């Protein structure tokens with residue numbers, strides 16, 4: 001039986017639950033009515049404990065159990081949740097995460113030192129529980145009977161469970177459930193129902209045909225016993241009869257499984273839940289009343305049995321649980337690799353479609369062309385949907401920073417709050433993963449260097465609580481993330497002084513505001529007098545810049561002394577397939593990403609300088625023929641493609657405009673990585689290769705020509 | 001072409017002055033013509049040979065990088081070997097082909113094409129028939145030559161593809177060119 005998949009899912013889901021716990025704990029400070037949140041935190045801990053129990057991860061279970069007990073006390077209203085408890089619970093969440101990590105990398109091994117680290121946390125948790133409150137049953141110790149009471153049927157439950165055919169395929173092992181039951185009590189008798197097993201040839205080893213009748217002695221509540229089977233509630237038919245059930249209940253049980261009524265009675269007897277006499281008596285009663293089958297309900301009501309409402313209540317609960325599960329499971333986990341494959345194939349589809357398009361146009365067959373345009377439209381929609389699949393909201397990443405801000409503000413003793421905007425902005429999954437570290441660094445910098453101390457803030461008339469804000473939005477084909485703070489801003493003098501000291505600039509050189517700010521991205525640069533373990537070593541900002549440039553993005557800083565600083569990160573939204581605008585220069589075809597194209601105008605009178613008049617505005621342009629050294633003379637009728645990036649417009653002078661086309665981006669070999677202005681290549685419908693222009697790089701090169709000497713390998 | 005061993009040939013990137021007798025020697029070489037001279041490359045690096053067809057030029061690259069082609073959906077750079085060796089390029093004739101070579105460098109597999117004037121045959125050259133390269137006189141950078149093979153009384157220059165097609169080299173050369181070009185703007 002392959003438990004690995006189920007285990008992997010367990011780890012992933014538990015991590016999600018831990019994240020939810022953390023978010024809820026951090027938010028609890030601001031809330032007036034905390035009952036809902038506390039309930040959510042409790043449920044998260046409870047689910048982790050339960051799932052861990054199914055896999056036999058005892059260490060996790062025992063630790064989480066104490067956490068759960070404390071949360072239970074809070075939930076009941078006997079304890080209020082306060083700052084120190086939040087910090088303690090956050091630390092416990094971390095510890096559970098660490099335990100899970102250790103188990104994932106070294107399954108089956110106990111990390112003693114790690115477990116010891118949990119001991120002080122457990123001690124603190126128990127302090128909350130105090131002496132008067134009894135912690136619920138420790139699942140590790142076998143359940144002890146209270147002496148003196150005759151253990152007869154007082155707490156003897158009868159559980160009838162028939163696991164669905166797919167339970168093995170879903171990664172659940174029926175045995176593990178029974179094992180877990182054993183932690184809540186003792187299984188005194190068990191009978192396996194094998195009547196559904198087909199002949200050996202017809203049997204599918206991956207399907208489950210078994211059911212179990214279990215006699216179970218326990219003092220746990222019915223909800224707890226039902227909770228054991230939480231994971232398979234959809235898949236199995238489960239009946240739990242509480243102790244002291246009347247025989248009528250057993251009748252109902254029997255009736256509810258008509259196909260095996262006779263044998264069921266025998267099994268009940270064998271389990272010890274019923275005695276043979278009771279069973280016979282019950283059946284006799286029924287037979288005597290009416291020859292046909294009487295609705296069980298009436299018998300039970302007559303007998304004054306409580307079973308009906310009890311069972312009805314249980315059924316209701318099951319239904320509600322199923323509804324909840326249905327709502328939660330609106331999302332599916334998919335392997336990222338499968339998505340990549342899908343997108344690759346769609347890329348090929350687009351190329352093939354473009355090829356067919358070219359031929360359709362050449363053939364001059366109207367029907368074929370119409371048909372083909374329908375096809376192209378559909379392919380475009382499929383492409384858009386597929387790309388959307390990889391898009392993830394940045395909100396999850398932003399909310400991780402709540403924890404960072406919470407911890408760091410405590411560490412450095414400043415009161416800082418994090419404000420988040422634009423959480424619904426979506427990015428490609430890989431970009432979201434890679435942007436996490438640089439953003440963390442920027443946030444920490446903002447807190448450590450940016451936000452001024454409380455006295456300074458009071459002097460400057462700012463509110464005592466500092467604000468770091470994160471904002472994300474889309475802008476013409478890029479996604480923009482801003483990290484701003486309302487602290488002291490960048491100290492120009494200090495930066496210039498430090499740069500002079502390090503020899504980064506020559507003395508006497510005058511730098512603009514932007515250039516001064518850009519200095520802090522130099523490797524090893526820092527104006528901090530002391531190095532804290534947070535920052536100041538001068539390692540961070542250039543790593544941040546490098547990581548962002550590796551994602552083909554840009555990073556800028558704007559700052560006002562005394563008011564605050566804003567770091568703006570721009571990342572391209574583009575993935576493998578973009579809408580492109582093809583232009584021709586000489587014999588070469590280049591592609592401009594369509595979302596950067598603003599308009600096209602004719603290129604009139606070449607006056608010699610590199611700017612022109614665009615409806616009254618000055619439009620600088622780059623002559624691509626010159627830039628790329630395309631052989632041949634320029635044509636008589638040239639065109640300017642006006643492109644827009646980061647709020648600035650400029651033009652590209654080209655020969656011919658060839659129109660829009662979907663473009664599959666094929667990466668260029670690494671040997672072309674130094675070519676500024678080309679970001680990739682694409683295959684046209686004709687089979688030729690077109691180069692994709694890197695508009696931001698072109699703009700940067702035109703404005704700030706690189707002056708430092710090239711390094712030859 | 002691609003028949004034989006699954007492991008890539010362990011070719012030394014710096015040509016040793018003594019005979020490298022220890023490595024798993026590929027004894028089959030593809031010989032071809034470049035500007036009248038015969039060269040050869042071990043066949044284990046060769047993926048395929050295709051006809052010469054229109055290249056797409058890539059601006060701001062050194063002249064030895066002629067451009068890129070579309071190889072069944074992948075964009076493959078194509079090198080001009082004479083230019084790489086510092087000689088004038090040859091004209092394109094009907095016998096001109098592109099030899100697609102696959103090398104592994106720094107953990108990455110790179111597929112690169114080279115233009116050749118004409119492709120000759122696949123020869124078996126025994127290890128004993130390979131002489132160490134001359135220190136000078138071949139008009140090519142010494143580290144490009146893996147050895148000199150003796151075939152029918154004549155010498156064939158065995159190329160060290162890892163050096164000839166070294167990405168780092170080409171990348172740096174590209175950097176130099178592009179900096180020059182852009183600083184003029």
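Read the figures in this text as sums done on the coordinates, not as results from a lab. Since this is a predicted model, take the numbers as computed values, not measurements. With ideal geometry, Cβ positions are generated from the backbone for all residues, glycine too; neighbour counts draw on all protein chains shown.
Comparing Cα centroids, segment B:116-162 and segment A:171-222 end up 74 angstrom apart.
When both segment B:46-96 and segment A:323-399 are represented by their alpha-carbon centers, they are found 34 Å apart.
Fully extending the segment from residue A:230 to residue A:658 would add 148.0 nm, taking 0.36 nm per residue of separation and subtracting the current Cα-Cα distance. Between residue B:108 and residue A:407, the C-beta separation translates, for a Förster distance of 35 Å, into a calculated FRET efficiency of about 0.35. In plain terms, the chain from residue A:82 to residue A:491 could stretch by 143.3 nm, reckoned as 0.36 nm per residue minus the Cα-Cα distance.
Neighbour counts of C-beta atoms inside 10 Å place A:231, B:155 in the sequence B:155, A:231, starting with the fewest.
Simple spin-label estimate for residue B:168 and residue B:38 gives 3.4 nm between the two label positions (7 Å along the Cα-to-Cβ direction from each Cα). Ranked for footprinting exposure by Cβ neighbours inside 10 Å, fewest first, A:42, A:216 give A:42, A:216.
Taking a point 7 Å out from the Cα of residue A:618 in the direction of its Cβ, the residues of segment A:688-703 whose backbone N falls within less than 20 Å of it are A:699-703. Net length available on complete extension from residue A:391 to residue A:11 is 134.5 nm, with 0.36 nm assigned per residue and the Cα-Cα distance removed.
Counting Cβ atoms of other protein chains within 10 Å of each Cβ in A:579-591 and taking the mean gives 1. For the segment B:69-76, counting C-beta atoms of other chains within 10 Å of every residue's C-beta and taking the mean gives 6.
Inter-chain Cβ neighbour count for A:675-684, averaged per residue, equals 5 (cutoff 10 Å, partner chain atoms only).
Residue order for A:581, A:11, fewest other beta carbons within 10 angstrom first, comes to A:11, A:581.
Given R0 = 41 Å, the distance between the Cβ atoms of residue A:378 and residue A:94 translates into a calculated FRET efficiency of 0.25.
Note on segment A:552-630 and segment A:639-695: Cα centroid distance 11 Å, given to the nearest whole angstrom.
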